[in-house]
Amino acid sequence: MPTHYYYTVCQDAVTRAKSFLELKKKGKVETEKPVVKRVSLWLDDVLWDYKRFPQFNTLKNGRKILIIRLSTRKGRIKLSLKPHKLFFKYLNEGWKVKPGVKLRLIEEERKVLAYFVFEKEFEEQEPTGSFLSVDYNADNISLGTSEFLIQVRTDLGKITRFYTNVRREIQKSHLVGWRRKLPSNKGRKLLEKFGRRKRNRRVDLQGKFAKRLVELAKVLNATIVLEEVPKNFNQKVARRRKRKEKGLRDVLHNIGMNGFQRFVLEKAVEFNVPVVFVSPSYSSKICPGCGAFNVKPDDDALRRRVFNCPVCGFSMDRDFVAVLNLLGLFPFSPKANEPLAEDPVGLMMLVVEANLLHHRNALIIATKTGAGGNGKKNIILAWDLDDFKSLNNVRVNPKSAVPD
């Protein structure tokens, strides 16, 4: 038994050393050698009663508590645990606890935190007959099928620009001496504070939207179509921008497209929703109406983010055009050059505020439009996931209708 503790201690030490060396390369360490501030203990399947876990003890009042049995030199000891509600959620959904467990000792509070890792085998989902494509942008996320289009205003670019200005003001006001390039200790703490706040807002928004997206695909029984981009895609695009486009480079660097796709994949596995990737090349430069290739917008259209086809006169938001073209790039989905609809009302376009994502039935502004972008009419409706099973079931509030 002691050899197992030696082995897990070596694992812990190697992990801490690797983390310290990585932080040292980035200049984020304050000491020459790693210092252990949080005491932790790793246990393999021999050091704790893995095969009989989870076990419960019944108290005198009939209440059951979760326990974990540990092997020590003096025999087996019991630790009572107070698990998070997600612990039982994963157990009830068929997840299994992996053999390794990590214990973190909090001496001041005389507590022990237990970190469990769950695993579950999933079958790879085959693409279904309907498809839901997603186009990720700086200030909005557009998605849709051949029947409806939705645009969610995330304002990630606006958030990035705001915190960029905050960072510049901190750097200006906390410089010590004109030769010093780094801010003072107070300035460094402020930079960490607002940088963490920006990251938390972005991650929170991405996580909420990824969940709503996968829920919508589950209701529609649709396959999610994402853009196939390399690792650190936004950073690579930002480096290709000109130096005079410094603001745009900063926005592209911080919107986190790869992180959003990771959230979508995690939720897709949880809800058993298939996901496919297609190349996003020229997705906003191909006309969905006639198939004209490499249509370059003029300055006015580029500013208003409008796609105008000089061949057939098709006009639509550039982000919606990218959504339709992403649908056409997958082999079994409706092609981009196929007619959008023969009916005078072919598409439903929704513009959603991101702060309404956490509401199940949120009031949003919808633009119902015909093929080619004509016949627009604004209405206010309740966005319920069940409504997307059929566009005929959309519940309109007549008292809140917006005039044409």
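The values are calculated or read from the model by the stated rules, or taken from the named source; none is laboratory data. It should be emphasised that the depicted structure is a prediction, and the values quoted were computed from it without experimental measurement. Ideal geometry is used to build each Cβ from the backbone, glycine not excepted, and the neighbour counts take in all protein chains shown.
Structure summary
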item	result
Strands (runs of 3 or more DSSP E) enclosed by the range 45-95 - at least 3 residues per element that are surrounded by 14 or more Cβ atoms within 10 Å (Cβ to Cβ)	64-72
Residue match in the range 21-36 (condition: surrounded by 14 or more Cβ atoms within 10 Å (Cβ to Cβ) and under 18 Å from ALA114 (Cα atoms))	no
Which numbered condition GLU169 misses (of (1) touching a residue at least 40 places away in the same chain (Cβ under 8 Å); (2) farther than 30 Å from ILE68 by Cα)	(1)
Subset of the range 306-333 [surrounded by fewer than 18 Cβ atoms within 10 Å (Cβ to Cβ) and at pLDDT below 50]	PHE332
So GLY27, is it closer than 30 Å to ASN185 by Cα and at pLDDT below 85	yes
Residue within the range 145-168 that is in contact with a helix residue (DSSP H, G or I) (Cβ under 6 Å, 6 or more places away or on another chain), of a type in the set (Val, Ile, Thr) and either part of a loop (DSSP other than H, G, I, E, B) or within 27 Å of LYS218 (Cβ to Cβ) (or both) present	yes
Condition check for ILE141: without any contact (Cβ under 8 Å) to a residue 24 or more places away in the chain, in a strand (DSSP E or B), aliphatic (A, V, I, L, M) and out of contact with any Lys or Arg (no Cβ under 7 Å at 6 or more places or on another chain)	no
Only one of GLY195, GLY207, GLY187 that is touching a helix residue (DSSP H, G or I) at 6+ places or on another chain (Cβ under 9 Å), closer than 14 Å to TYR163 by Cβ and of a type outside the set (S, T, N, Q)	GLY195
Count - residues of the range 48-72 that are under 25 Å from GLU108 (Cα atoms) and out of contact with any Leu (no Cβ under 6 Å at 6 or more places or on another chain)	5
Pair list, Cβ under 8 Å, 6 or more apart: the range 195-214 residue touching a residue at least 40 places away in the same chain (Cβ under 8 Å), other residue assigned to a helix (DSSP H, G or I) and among the polar types (S, T, N, Q)	LYS198/THR160; LYS198/ASN254; ARG202/ASN254
